[in-house]
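First comes the structure, then the notes that go with it.
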Amino acid sequence: MFCSTHSIDAHKPNFHFGSKEKSLFQSIRVFQPTLGNRVHMDRLNGSARLMIVSDLDSTMVDHDDLDNLSLLRFNALWEAYYRHDSLLVFSTGRSPTSYKELRNKKPLLTPDITIMSVGTEIAYGESMVPDTAWTQYLNQKWNRDIVTQETAKFPELTPQSEKQQRPHKVSFFVEKAKAWEIINVLPKRLEERGLDVKIIYSSGIALDILPQGAGKGQALAYLLKNFKVDGKVPVHTLVCGDSGNDAELYSVPEVYGVMVSNAQEELLQWHTQNAKNNPNIIHATERCAAGIIQAIGNFCLGPNVSPRDIRDFQKCKVDIFGPSHEVVKYYLFYERWRRAEVEKSEQYVQNLKSVFCPLGIFVHPSGGEQPFHQCIDSMAKLYGDMQGHRFRVWVDRISSAQIGSDIWLVKFHKWELSGIELQCYVTTVLMSLKAELPDGFSWVHVHQTRLDGSRAGDQTIWRF
């Protein structure tokens, strides 16, 4: 399950422009995160085994994949094998508002750190605690009012929507041919007014004006410097992108990089002219999240076979298993059973009962209780009821702790999409280590509560 053996004008390739070009590390002071930020960065006791830093649109999220299968494959891989000792970072050009809208539309996992607005905002954890030290750093030689005054002199610039405008990011749409004229003039004008800015042009139409110290690469370098201060630099870092505003990520020293197969010409051109001899940066043959999984295998960074790619866990045994893998495996079976993607076999039901304690209890969100085996019998009757329907199940934020010699406490969010109805349950499970079981774990107790804000479902149905 580890490493498998198996545009922009060509004469204007550099799409990062500023009044003074600097290396990624040259001007970054090491600001210590506030106490709230440090709590989120200290989720792991030591260095992360792997830190993935990924763009969202057309990288982690494939908008042409209406069933989100590539993203769901990544989700299962991450929650089963990486969540417990690794870090997930989303680095997006989206504003916080736009990012939250995407989360409501797509089955995105909860990242440990979110970099937004093209590297001008950093937030930590599910509650998205802002990094105020980063904001303070970006205030140097930056005045948004002056930027808007000077850009108003270019009628070719069409402002992007208000939700894309941020304190340290002024964003426009402009045609490629006209963009170069502006890029050649605007930085000098802003420098004359005391500012030090960076202009990033991407996707052949989007132009962002940022403080010189901002950008996706600068934000990542800042995070790595703070990890270094704490003695917790990730063992491996993998950066992932598809467009021009991701290019800085690949310039951060000592990272692995993947450009997904659907990467835009501007990024491929940057790679050809700046990093074609770097063996640690590859152009994947797979799209979006599938390309990220491919890179994990290519660089031998850890397990690279998603549990979603295993059709029958009875026939295909994995080398790595634990409470997280057990949770992911169960809910994959649950989804496939209801979609009729596995054989309707009594043996499957009996195998399921063998890993659930005969005396185990499921506590329903309504407060009622029912023995496991009755819940499993009820689920067995649902075979194929979602066949041909939009029905997916995934888990997020799995955490586990050994609380006894053979007892594990596991917590996670279970998401279930049925048509347009989305439900989320905060789930707590007690598991017991049993050597006689195929994967070693027996479910002893399950307790679910509704996550505030998730849409209502039928709470009379006993299934977990």
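Residue pairs whose Cβ atoms lie under 9 Å apart, sitting 6 or more positions apart in sequence or on different chains, and linking a residue in segment 174-195 that is among the aromatic types (Phe, Trp, Tyr) to a partner that is surrounded by fewer than 17 Cβ atoms within 10 Å (Cβ to Cβ) and part of a loop (DSSP other than H, G, I, E, B), are Trp180/Asp9; Trp180/Lys12.
The set of residues in segment 280-304 that are in contact with a Cys (Cβ under 9 Å, 6 or more places away or on another chain) and either closer than 18 Å to Glu326 by Cβ or among the β-branched types (Val, Ile, Thr) (or both) comprises Ile292, Ile296. Looking at segment 106-116, can you tell me whether even one residue there is assigned to a loop (DSSP other than H, G, I, E, B) and in contact with a Lys or Arg (Cβ under 6 Å, 6 or more places away or on another chain)? Yes, segment 106-116 contains at least one residue that is assigned to a loop (DSSP other than H, G, I, E, B) and in contact with a Lys or Arg (Cβ under 6 Å, 6 or more places away or on another chain). Within segment 151-179, the set of residues being modelled with pLDDT under 95 and open to solvent by less than 20 Å² (accessible area, probe 1.4 Å) comprises just one member, Ala179. Figure legend. Inter-residue proximity from segment 332-353: first residues part of a loop (DSSP other than H, G, I, E, B), second residues open to solvent by less than 10 Å² (accessible area, probe 1.4 Å) and not charged (D, E, K, R), beta-carbon distance below 9 Å, spacing 6+ or different chains. Indicated pairs: Arg339/Phe391; Lys344/Trp337.
Filter segment 37-54 down to residues that are open to solvent by 10 Å² or more (accessible area, probe 1.4 Å) and modelled with pLDDT of 95 or more and give me whichever is farthest from Glu335 (Cα to Cα). In this case the residue turns out to be Ser47.
The listed residues are Asp112, Asp64, Asp85, Asp131, and the only one of them that is modelled with pLDDT of 95 or more, more than 14 Å from the chain's Cα centre (by Cα) and closer than 20 Å to Val255 by Cα turns out to be Asp85. The single condition among (1) under 21 Å from the mean Cα position of the chain (by Cα); (2) assigned to a helix (DSSP H, G or I) that Asn304 does not satisfy is (2). Applying the set (1) within 21 Å of Gln423 (Cα to Cα); (2) in contact with a Lys or Arg (Cβ under 7 Å, 6 or more places away or on another chain) to Lys329 leaves exactly one unmet item: (2).
Out of everything in segment 66-85 that is assigned to a loop (DSSP other than H, G, I, E, B) and farther than 25 Å from Ile281 by Cα, what residue ends up being most open to solvent (accessible area, probe 1.4 Å)? Steps first, answer last, please.
We begin by selecting, within segment 66-85, every residue assigned to a loop (DSSP other than H, G, I, E, B); these are 66-68, 82-85.
If we keep only those that are farther than 25 Å from Ile281 by Cα too, we end up with 66-68, 84.
Values: Leu66: 131, Asp67: 84, Asn68: 14, His84: 107 Å².
So the residue we want is Leu66.
The values are calculated or read from the model by the stated rules, or taken from the named source; none is laboratory data. As the structure is a computational prediction, the values presented were derived from the model and not from experiment. All Cβ positions, even for glycine, are placed from backbone atoms using ideal geometry, and neighbour counts span all protein chains on display. Side chains are part of the model used for accessible areas, which takes the heavy atoms of the whole protein and leaves out ligands, DNA and RNA. Shrake-Rupley method; radii C 1.70, N 1.55, O 1.52, S 1.80 Å.
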